Amino acid sequence: MTEQISHVLLDIEGTTCPLSFVSGTLFPYAARELGPYLERHHQDETVQMHCQAVIEAWQQDSDPQARQLWSQAQKCNSVEVGATTVRQWHGSEIEPYLQWLIASDRKLTPLKELQGMVWAEGYARGELVGDLFEEVPGVLQDWQHQGLVLGVYSSGSIAAQKLLYGHSQVGDLCPLFSYWFDTHSGGKHEIDSYKRICAAMDVKPQQVLFISDSVAELRAAAAAELQVVLSDRDNSVAPEQTPIPTHTTPAETGSYRSISSLNQLQLNSVQPRSHV
Ligand SMILES: [Mg+2]
């Protein structure tokens with residue numbers, strides 16, 4: 001018998017928020033606003049700490065293009081030899097390297113931190129609004145009223161998740177969620193991540209419904225015994241979003257229940273919430 005669902009764990013991109021919001025809005029905003037942000041905030045201690053970390057990574061970066069940018073910066077006397085000496089950095093000194101990292105899709109922790117700070121300011125100024133699929137706020141509110149415990153599991157940082165839900169098109173939706181998980185709980189294709197998350201929520205995996213647009217994520221969650229539903233917004237899961245292992249048969253990939261809107265899920269009321 002299928003267990004009664006008490007918890008709903010939600011992916012964000014492709015599930016509650018269009019993929020285009022992240023690639024078409026958030027990342028271009030960060031790339032455009034990073035330089036001005038650094039100029040405005042270069043006196044801040046946290047910004048300086050991340051700038052110093054960027055300089056150290058740049059100095060050690062062996063990529064020929066990174067080396068070329070480093071030499072150019074030295075020629076302009078904007079970055080000195082022996083630059084790991086602590087000093088105050090101006091945004092214009094490190095921006096060429098940061099923009100190159102962004103353009104090459106290179107991940108660097110201090111860059112990620114700085115992008116997060118740029119987004120936080122953008123949301124606070126009202127220049128960014130968390131763009132959720134239309135039915136999402138109402139459905140999440142209904143589920144919470146029914147007594148379901150809601151959690152987020154996204155590869156974006158918990159800080160970024162809270163910014164998005166905290167500044168949605170209908171205002172702050174953060175209070176609807178009891179749990180927030182990112183890759184600190186493990187990768188989304190790993191079975192153990194889902195076991196860890198259920199343990200953190202203190203619930204049997206069978207009572208948790210995980211919704212995602214990625215078949216690979218659903219496979220891992222299902223292997224950890226969670227109930228799963230595929231979010232297939234346009235009824236055609238993009239292959240690059242769902243790397244299907246070669247040993248998977250079409251029948252297996254088609255075996256997940258799929259929805260194109262959260263409205264299509266009828267979750268029965270559950271007992272009073274035991275977790276806050
Ligand atoms: Mg997704």
Modelled with pLDDT of 95 or more, in a loop (DSSP other than H, G, I, E, B) and farther than 17 Å from Arg32 by Cβ - does that describe any residue in region 66-82? no
May I ask you to say which residue of Leu38, Leu26, Leu9, Leu34 is within 16 Å of the ligand (Cβ to nearest atom), part of a helix (DSSP H, G or I) and either buried (at least 17 other Cβ atoms within 10 Å of the Cβ) or among the basic types (Lys, Arg) (or both)? Leu26
Can you name every residue in region 118-137 that is outside any loop (DSSP other than H, G, I, E, B) and within 15 Å of Gly166 (Cα to Cα)? Trp119, Ala120, Glu121, Gly122, Tyr123, Ala124, Gly130, Val136, Pro137
Among the residues that make up region 197-211, is at least one of them part of a loop (DSSP other than H, G, I, E, B), buried (at least 16 other Cβ atoms within 10 Å of the Cβ) and out of contact with any helix residue (DSSP H, G or I) (no Cβ under 9 Å at 6 or more places or on another chain)? yes
(1) part of a loop (DSSP other than H, G, I, E, B); (2) buried (at least 17 other Cβ atoms within 10 Å of the Cβ); (3) among the charged types (D, E, K, R) all hold for Glu93 apart from (1)
Of the residues Ser168, Ser155, Ser104, which single one is modelled with pLDDT of 95 or more, of a type in the set (S, T, N, Q) and in contact with a helix residue (DSSP H, G or I) (Cβ under 9 Å, 6 or more places away or on another chain)? Ser168
Taking region 15-41 and keeping only residues that are at pLDDT below 95 and over 22 Å from Arg125 (Cβ atoms), one is left with Leu19
Anything in region 138-166 that is in a loop (DSSP other than H, G, I, E, B) and away from the ligand (no atom under 16 Å from the Cβ)? List them, or say none. Gln146, Gly147, Leu148
Scan region 160-173 and tell me whether some residue there is touching a Lys or Arg at 6+ places or on another chain (Cβ under 7 Å) and not aliphatic (A, V, I, L, M). no
Could you check, for region 115-132, whether at least one of its residues is within 16 Å of the ligand (Cβ to nearest atom) and closer than 30 Å to Asp202 by Cβ? yes
Go through Trp180, Trp119 for me and flag whichever is under 19 Å from Gly14 (Cα atoms) and either crowded, with 18+ Cβ neighbours inside 10 Å or not assigned by TED's automatic domain parsing to the domain that holds Asp63 (or both). Trp180
Taking region 212-235 as the search range and keeping residues that are within 12 Å of the ligand (Cβ to nearest atom) and in a strand (DSSP E or B), which one is farthest from Cys17 (Cα to Cα)? Leu230
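The values are calculated or read from the model by the stated rules, or taken from the named source; none is laboratory data. Only a predicted model underlies this, so the values are computations on that prediction, with no experimental measurement involved. With ideal geometry, Cβ positions are generated from the backbone for all residues, glycine too; neighbour counts draw on all protein chains shown.
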